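Novice: Structure provided below as structure tokens; questions to follow.
The values are calculated or read from the model by the stated rules, or taken from the named source; none is laboratory data. All figures in this text were calculated on a predicted structure; none of them were measured in a lab. Cβ coordinates were reconstructed from backbone atoms using ideal geometry, including for glycine residues, and neighbour counts include every protein chain displayed.
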There are 2 protein chains.
Amino acid sequence: MADEPIADASAETQEAPSKKALKKAAAAAEKARLKAERAAALEAKMAALSAAADAEDPLKDKYGDAEMVQSQTKSGRRWTRVEDLSGTLADEEVLVRGRVHNVRGKGKSAFIVLRQQTATVQVVLFVDDVHVSKGMVKWVCSLPRETVVDVRGVIVRPESGEVESCTQKDVEISLREIHCISRSVPTEDLPFLIEDASRPETAFENEKAQYVRVGQDTRLDNRVLDLRTPANNAIFKIQSGVGTLFREALLRRNFTEIHTPKLIAGASEGGAAVFRLDYMKLGPACLAQSPQLYKQMAIMGDLEGVFEIGPVFRAEDSNTHRHLCEFTGLDMEMSIKEHYDEVLDVLDELFVSMFDGLNERFAREIGVVGTQYPFEPLQYCRPSLRLTFAEGVKMLQDAGVEVDPLGDIGTETERILGKLVKEKYGTDFYMLTRYPINARPFYTMPAPDDPNYTNSFDIFIRGQEIISGAQRIHDPKLLAERALACGIELPTIQSYIDSFKYGATPHGGCGVGLERVAMLFLDLNNIRKTSMFPRDPKRIAP
Amino acid sequence: MADEPIADASAETQEAPSKKALKKAAAAAEKARLKAERAAALEAKMAALSAAADAEDPLKDKYGDAEMVQSQTKSGRRWTRVEDLSGTLADEEVLVRGRVHNVRGKGKSAFIVLRQQTATVQVVLFVDDVHVSKGMVKWVCSLPRETVVDVRGVIVRPESGEVESCTQKDVEISLREIHCISRSVPTEDLPFLIEDASRPETAFENEKAQYVRVGQDTRLDNRVLDLRTPANNAIFKIQSGVGTLFREALLRRNFTEIHTPKLIAGASEGGAAVFRLDYMKLGPACLAQSPQLYKQMAIMGDLEGVFEIGPVFRAEDSNTHRHLCEFTGLDMEMSIKEHYDEVLDVLDELFVSMFDGLNERFAREIGVVGTQYPFEPLQYCRPSLRLTFAEGVKMLQDAGVEVDPLGDIGTETERILGKLVKEKYGTDFYMLTRYPINARPFYTMPAPDDPNYTNSFDIFIRGQEIISGAQRIHDPKLLAERALACGIELPTIQSYIDSFKYGATPHGGCGVGLERVAMLFLDLNNIRKTSMFPRDPKRIAP
């Protein structure tokens, strides 16, 4: 609920304290003092409850703090996952480790909602002095939310018929034993409740509802908590799936995964927007803005088809919903025999199999994301739609949009084109080829029939660019010519040009933004939702 | 053959020129001039040969320079791979794209060794004026090595019975047509010949043999050429396989692949040996020395099991055979129920399946590497051998090696222990557990029964460490205590400690060096052989 960033080492980056800063520091110190007090109070209360239990409760061994898990034992006990509980286990005893998502007491009873990743189950206690004592209920009711507990109990059908508040609706756990594995801070000191952070977007549409809305920065400042929401758990499993399916598709075609250096001398693609640093005694260096040169060198080294999944660094001051200063690049490069359509054929098969794979393997996760952030499933066709840039321009012009047929198209125009394409062809995923030469980097192969165009492409999901690619110039003479025409000084790229002097295979490739693919597949509104610890001009922590 | 680095952008890192530097520059300029002359001479010769052909050769369309591949056409032609050629194709016409590995003329005939990755085939020309003209032989003999050509010809059985110089021994190609796709510089201007760079280590043992030996720096300065050797082609396919098999094993166990930031505020693990830089307006930052904090945060975010494959940066001035300033980390972290043996069980299954997988899927590549760098196959047992540190110490002491039972063991002692283990247990792969507390970082969980030890492990291949791991402290109080005991100021790690305050799952994990695994699996003598573009204190290019 409070919007406080986790204190961290970046504190040292702050400047000399102003009056305002001192006031802020004093307030923070007071807050910290109160927090410490509350933590001590909780500690005392739990200790008192345990002491009382030790004194008189015959069930005292059935609850309380477990010894810290420190590899003391291998007991052979087996824990059941919350998502695996079902009616077929009725009357059986299970052991479950989960978090106290919520707990409420009601006279001689208590109800815990126990959470494990995206699944929840209700745990019920009724004082009967056989399995559950008064002390046990009191102790349970004192547990702060997010506490990790081991629960042993019997699977039963809920008397009320169905547990509405849990994902496990047909079964609940009748408690026999509960021990605390790791206690959280007092509930009131949690930066926010998972409940609040998990609420469906639609809930906020009702103006009468007075829900706490957890903002983006509060979430990111407390990412450890934020990641526990079911939607985030699902998002990062899907993000993992995007990488896996990208890889699988290319490994099927005998591509080799490579790892190229991020520390490089000079700038990887032009000089703008690079992070600079000192490379020990060798002088200045910078962080790679793309593996472009290196993946092309791997092809010149006869690896034929290569890909890399790794960080890409852009020191750009872009505060948009779709830019990051560090993101994960899915890069590929391959030798071609005749035509850059060979690259598009690979990408076509790759993305269709990725979308199929996500829909099949992550159907449950996609559903979980949709519960919080409702969205329309991605429409795509097979083979994928390919349009030339000129065709795209014509569609835009026919719709009354002004556009330079030999320039680039901006983000907004791309969105409009995406809508026009969706209306006409019914797909959210398409390829736009043959961009004007002015819109592409110097190393892009010009079109064979018209020097105004290139053998290049962008690929879009829901009207937003996720991929840029092209046939590259493999002829050192033409490469030097094009560099000069683009105002690049040859000595700065001589080693790049030299790479093609020892017999160069024609080749092409592309770079994909992993976070963008995940964001747009799920139709999320901000790339920070698909980057686990995003870096932008205003954020370098946690 | 010459040992000249490719000129590159790092030139700008040089200091003001000294006399020596000026002399060197003058020599380089003269060399460049001679090179340019030779290139022009080759150009003129090839043009003259083509002109002569155009004038009088009825077979003139069957050879010469092809138009630059620029996506002009999709002809539907199919290229056969050199490795797929075989006697079953006898008398059939095939189209192959490969490099001129070697060419020699002999009166009215010529023989090309055509190379494609690790495979070679002989292409033969005999002047008969039906398929092959004199002009054709002359033109072919003028092709510099490494030139990329399209060859059309008929598969025949060699008259001599077997082609000794090629991997394709039972078939050769009788030439019908040959076109140059991309010409290399003149053969004499290649930095070295692939033939020289591919020679088996054993060849140099014969003192009478006068072979050119291509040094490590020459190779790395000209990595594009160096990567073309069969051994290197195979090494990087095997390296790719290490990553793939690591991932497959963890995905089978439902781990999630994550991508954590490399740009961080402060130092990730202690302050030494980090690369520092400015993060735009937010002030100083550094490059992550490991994803330690972030992967633990992902576990605290309830992802349960995570892994990352990404670059790790160490600004250490270590010029050894096994250290790099940028390497690829295979990191994993997982929640545990009771004991860090749960982590070792995962790693045991992971590495055994990785070694099995490498031996099965990359048997041919392993053979190719062994041809140049002979080695004994890795010995490993199932389940893997686990020894405690104390047991290791005893083995060393029994063998007369002095070692501090509560200290760490050095690289040389590790090697000796590796030999002792191999002798006693017959395995090159084993796990050493329960290290002394003085030998591990502050966040390592102490052993439950003896404060001198920890719940930690290293894993070794052929006596060299590839993995370091442990159960981590998940209790914020103990974590703060241990940090203080290790002399760390708490404010610098407060956000790290805070991550465990909202209910912390017990967990453990490890970091693996990808290049080390590949190096030691293949028993190579230098980590630069398994890093495509290595970074060390003396190298940041290419």
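Novice: Tell me whether region A:81-92 contains one or more residues that are away from chain B (no Cβ under 14 Å), in contact with a Leu (Cβ under 9 Å, 6 or more places away or on another chain) and outside any helix (DSSP H, G or I).
Specialist: Residues of region A:81-92 away from chain B (no Cβ under 14 Å): A:85-92.
From what's left, in contact with a Leu (Cβ under 9 Å, 6 or more places away or on another chain): none.
No, because not a single residue in region A:81-92 is away from chain B (no Cβ under 14 Å), in contact with a Leu (Cβ under 9 Å, 6 or more places away or on another chain) and outside any helix (DSSP H, G or I).
Novice: Scanning region A:438-465 for residues that are in contact with an Asp or Glu (Cβ under 8 Å, 6 or more places away or on another chain) and of a type in the set (A, V, I, L, M), which turns out farthest from the other protein chains (Cβ to nearest Cβ)? Don't jump to the end; show me each part of the working.
Specialist: First, pick out the residues of region A:438-465 that are in contact with an Asp or Glu (Cβ under 8 Å, 6 or more places away or on another chain): A:438-439, A:441, A:458-465.
So of that shortlist, the ones also of a type in the set (A, V, I, L, M) come out as A:439, A:459, A:461.
On the way: A:A439: 17, A:I459: 17, A:I461: 19 Å.
Here the answer is A:I461.
Novice: For region A:302-326, enumerate the residues that are within 30 Å of B:S184 (Cα to Cα) and buried (at least 23 other Cβ atoms within 10 Å of the Cβ). Steps first, answer last, please.
Specialist: As a first pass, look at region A:302-326 and keep what is within 30 Å of B:S184 (Cα to Cα): A:302-308.
A:D302, A:L303, A:V306, A:F307 - these are the residues of region A:302-326 that are within 30 Å of B:S184 (Cα to Cα) and buried (at least 23 other Cβ atoms within 10 Å of the Cβ).
Novice: Can you pull out every residue in region A:500-533 that is in a loop (DSSP other than H, G, I, E, B) and under 30 Å from B:V224 (Cα atoms)?
Specialist: At the first step, the residues of region A:500-533 found to be in a loop (DSSP other than H, G, I, E, B) are A:500-501, A:503-506, A:522-526, A:530-533.
A:F500, A:K501, A:G503, A:A504, A:T505, A:P506 - these are the residues of region A:500-533 that are in a loop (DSSP other than H, G, I, E, B) and under 30 Å from B:V224 (Cα atoms).
Novice: With the condition kept exactly as written, say whether any residue in region A:359-377 is charged (D, E, K, R) and touching an Asp or Glu at 6+ places or on another chain (Cβ under 7 Å).
Specialist: Applying the first criterion (charged (D, E, K, R)) to region A:359-377 yields A:360-361, A:364-365, A:376.
This time we only want the ones that are touching an Asp or Glu at 6+ places or on another chain (Cβ under 7 Å), so: A:376.
Checked region A:359-377: at least one residue is charged (D, E, K, R) and touching an Asp or Glu at 6+ places or on another chain (Cβ under 7 Å).
Novice: Of the conditions (1) surrounded by fewer than 17 Cβ atoms within 10 Å (Cβ to Cβ); (2) within 13 Å of chain A (Cβ to nearest Cβ); (3) of a type outside the set (K, R); (4) closer than 27 Å to A:S335 by Cβ, B:N254 satisfies every one except a single condition; which number is it?
Specialist: Answer for B:N254: the failing condition is (4).
Novice: Mind listing just one residue for me: the one in region B:266-283 that is touching a Cys at 6+ places or on another chain (Cβ under 8 Å) and at pLDDT below 90 and, of those, nearest to the other protein chains (Cβ to nearest Cβ)?
Specialist: Out of the qualifying residues, it is B:G266.
Novice: If only one of A:V137, A:V130, A:V149 is away from chain B (no Cβ under 14 Å) and buried (at least 17 other Cβ atoms within 10 Å of the Cβ), which one is it? Write out each step before concluding.
Specialist: Details: A:V130 fails: buried (at least 17 other Cβ atoms within 10 Å of the Cβ); A:V149 fails: away from chain B (no Cβ under 14 Å).
Going through A:V137, A:V130, A:V149 in turn, just one is away from chain B (no Cβ under 14 Å) and buried (at least 17 other Cβ atoms within 10 Å of the Cβ): A:V137.
Novice: Scan region B:13-55 for residues that are farther than 24 Å from A:A265 by Cβ, in contact with a helix residue (DSSP H, G or I) (Cβ under 8 Å, 6 or more places away or on another chain) and at pLDDT 85 or above and jot them down.
Specialist: Scanning region B:13-55 gives B:R38, B:A39, B:M46, B:L49, B:S50, B:A52.
Novice: Go through (1) assigned to a loop (DSSP other than H, G, I, E, B); (2) under 30 Å from B:L42 (Cα atoms); (3) away from every other protein chain (no Cβ under 12 Å) and name the single condition B:H179 misses.
Specialist: (1)
Novice: Which one of B:R252, B:R276 is in the same structural domain as B:K295 (by TED's automatic domain parsing), within 30 Å of A:L277 (Cβ to Cβ) and of a type in the set (K, R)?
Specialist: Numbers: B:R252 fails: within 30 Å of A:L277 (Cβ to Cβ).
Result: B:R276 is the single residue among B:R252, B:R276 that is in the same structural domain as B:K295 (by TED's automatic domain parsing), within 30 Å of A:L277 (Cβ to Cβ) and of a type in the set (K, R).
Novice: Looking at this structure, is B:S174 of a type in the set (G, A, S) and within 26 Å of B:S142 (Cβ to Cβ)? Even if it seems obvious, please write down each step before you answer.
Specialist: Details: of a type in the set (G, A, S): yes; within 26 Å of B:S142 (Cβ to Cβ): yes.
In short, yes.
Novice: So, in region B:106-126, how many residues would count as being surrounded by fewer than 18 Cβ atoms within 10 Å (Cβ to Cβ) and either at pLDDT below 95 or not in a strand (DSSP E or B) (or both)?
Specialist: Matching residues across region B:106-126 total 3.
Novice: If I ask for residues that are more than 9 Å from chain B (Cβ to nearest Cβ), assigned to a loop (DSSP other than H, G, I, E, B) and among the β-branched types (V, I, T), which ones from region A:298-340 would you list?
Specialist: A:T320, the sole residue that qualifies.
Novice: Criterion first (buried (at least 23 other Cβ atoms within 10 Å of the Cβ), among the hydrophobic types (A, V, I, L, M, F, W, C) and within 11 Å of another protein chain (Cβ to nearest Cβ)) does A:M532 satisfy it? If you could, list the steps in order and put the result at the bottom.
Specialist: Numbers: buried (at least 23 other Cβ atoms within 10 Å of the Cβ): yes; among the hydrophobic types (A, V, I, L, M, F, W, C): yes; within 11 Å of another protein chain (Cβ to nearest Cβ): yes.
So A:M532 fits the description; yes.
Novice: When you scan region B:152-172, do you find a residue that is more than 14 Å from chain A (Cβ to nearest Cβ), crowded, with 16+ Cβ neighbours inside 10 Å, free of Cβ contacts under 8 Å to residues at least 60 places away in the same chain and in a strand (DSSP E or B), even just one?
Specialist: The answer is yes; a qualifying residue exists.
Novice: Can you list residue pairs whose Cβ atoms sit under 8 Å apart, with the first residue in region B:84-107 being assigned by TED's automatic domain parsing to the domain that holds B:V121 and the second being exposed (fewer than 11 other Cβ atoms within 10 Å of the Cβ)? Count only pairs 6 or more apart in sequence or on different chains.
Specialist: B:L95/B:R78
Novice: Further question: Based on what the data block shows, is B:I488 over 30 Å from A:I258 (Cβ atoms), aliphatic (A, V, I, L, M) and outside any helix (DSSP H, G or I)?
Specialist: Values: over 30 Å from A:I258 (Cβ atoms): yes; aliphatic (A, V, I, L, M): yes; outside any helix (DSSP H, G or I): yes.
For B:I488, the condition - over 30 Å from A:I258 (Cβ atoms), aliphatic (A, V, I, L, M) and outside any helix (DSSP H, G or I) - is met.
Novice: Here is a follow-up. If you take the residues of region B:221-238 that are in contact with a helix residue (DSSP H, G or I) (Cβ under 9 Å, 6 or more places away or on another chain), assigned to a helix (DSSP H, G or I) and more than 8 Å from chain A (Cβ to nearest Cβ), which of them is surrounded by the most Cβ atoms within 10 Å (Cβ to Cβ)?
Specialist: That would be B:I235.
Novice: What's the total number of residues in region A:240-250 that are within 8 Å of chain B (Cβ to nearest Cβ) and out of contact with any Phe, Trp or Tyr (no Cβ under 9 Å at 6 or more places or on another chain)?
Specialist: Here is the first cut: in region A:240-250, the residues within 8 Å of chain B (Cβ to nearest Cβ) are A:240, A:243-244, A:247.
If we keep only those that are out of contact with any Phe, Trp or Tyr (no Cβ under 9 Å at 6 or more places or on another chain) as well, we get A:243-244.
Total satisfying the criteria: 2.
Novice: Inside region B:420-452, can you point out the residues that are aromatic (F, W, Y) and surrounded by fewer than 22 Cβ atoms within 10 Å (Cβ to Cβ)? Even if it seems obvious, please write down each step before you answer.
Specialist: We begin by selecting, within region B:420-452, every residue aromatic (F, W, Y); these are B:425, B:429-430, B:435, B:442-443.
Scanning region B:420-452 gives B:Y425, B:F442.
Novice: Output the residues belonging to region B:93-108 that are facing another protein chain (nearest Cβ under 10 Å) and under 14 Å from B:R228 (Cα atoms). If you could, list the steps in order and put the result at the bottom.
Specialist: Within region B:93-108, the subset facing another protein chain (nearest Cβ under 10 Å) is B:95, B:97-100.
Within region B:93-108, B:G98, B:R99, B:V100 meet the criteria.
Novice: I would also like to ask the following. Just one of (1) on the phi > 0 side of the Ramachandran plot; (2) within 34 Å of the chain's Cα centre (by Cα) trips up B:W79, so point out which.
Specialist: (1)
Novice: Residues to consider are B:P451, B:P491, B:P446; find the one that is out of contact with any Leu (no Cβ under 7 Å at 6 or more places or on another chain) and within 29 Å of B:F255 (Cα to Cα). Don't jump to the end; show me each part of the working.
Specialist: Values: B:P451 fails: within 29 Å of B:F255 (Cα to Cα); B:P491 fails: within 29 Å of B:F255 (Cα to Cα).
Just a single option satisfies the conditions, and that option is B:P446.
Novice: Name the pairs: first residue in region A:45-61 and among the hydrophobic types (A, V, I, L, M, F, W, C) and crowded, with 17+ Cβ neighbours inside 10 Å, second residue in a helix (DSSP H, G or I) and at pLDDT below 90, Cβ to Cβ under 8 Å, at least 6 apart or on different chains?
Specialist: Sorted first by the residue in region A:45-61, then by its partner, the pairs are A:L59/A:A53.
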